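Asks: This structure is in structure tokens; I'll ask about it shortly.
Only the coordinates and a few stated rules stand behind these numbers; no lab work does. What you see is a predicted model, and the numbers here were worked out from it, not measured in a lab. Please note: Cβ atoms are built from the backbone with ideal geometry, for glycine as well, and neighbour counts cover all protein chains shown.
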């Protein structure tokens, strides 16, 4: 099944998600819209609604990366670049209800691991695009922290009714600022002769942890395993 057909099915499904949610009904309605058989639609998205919603999320990640590439991020401070990436990821969503419906699907216990994987993947793509070169425990901590920040920003943004989502962008800036303050705090400890010994134990415990050789991105067709992507 070509990516073109998958993209057409996803485009057509968006109009039905508002009524049917991310469901098999939305997928079958999309198939009828684009003149594809039900069997072909299910072959394109073997996991049905979950694969369809996953493809929508991954498309958003792609659009975010495209936006990051078109902006002059080098003129920003590093914290501003991270905040801008989170904002870009939210701005590519044209209809919040698509995200709300997705949260309903991913909140199901059997889908929670997929939700966590997708959020981690978004954080990973942000760090990769920003040129992250960490290859130790920091590789994991950066993505874990940003995953939490991104999740909280999504929840705030969904309930934000301020003009131009100004309140959301202020919230993003605050959350990223909090993270950067923590990183500065760690740096100060390392540079302080009296406090540096406090980090020797965790350094000894986690010093052997290395980043994976490449990160695996879900396949946009059905959210299954994709091809490894080497870190920059």
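Asks: Placing one identical point scatterer on every Cα of the range 1-151 and ignoring solvent, what is log10 I(q)/I(0) from the Debye formula at q = 0.14, 0.20, 0.21 Å⁻¹?
Replies: -0.73, -1.20, -1.27
Asks: What is the fewest-to-most order of 62, 33, 160 by other Cβ atoms lying within 10 Å of their Cβ?
Replies: So the residues, fewest neighbours to most, are 62, 33, 160.
Asks: Would you mind getting the Kirkwood hydrodynamic radius of the range 15-91 from its Cα pairs, rounded to one decimal in Å?
Replies: In the range 15-91 this quantity evaluates to 14.4 Å.
Asks: Where does each of 63-69, 82-88, 12-18 land if you order them by average Cβ count within 10 Å, highest first?
Replies: 82-88, 12-18, 63-69
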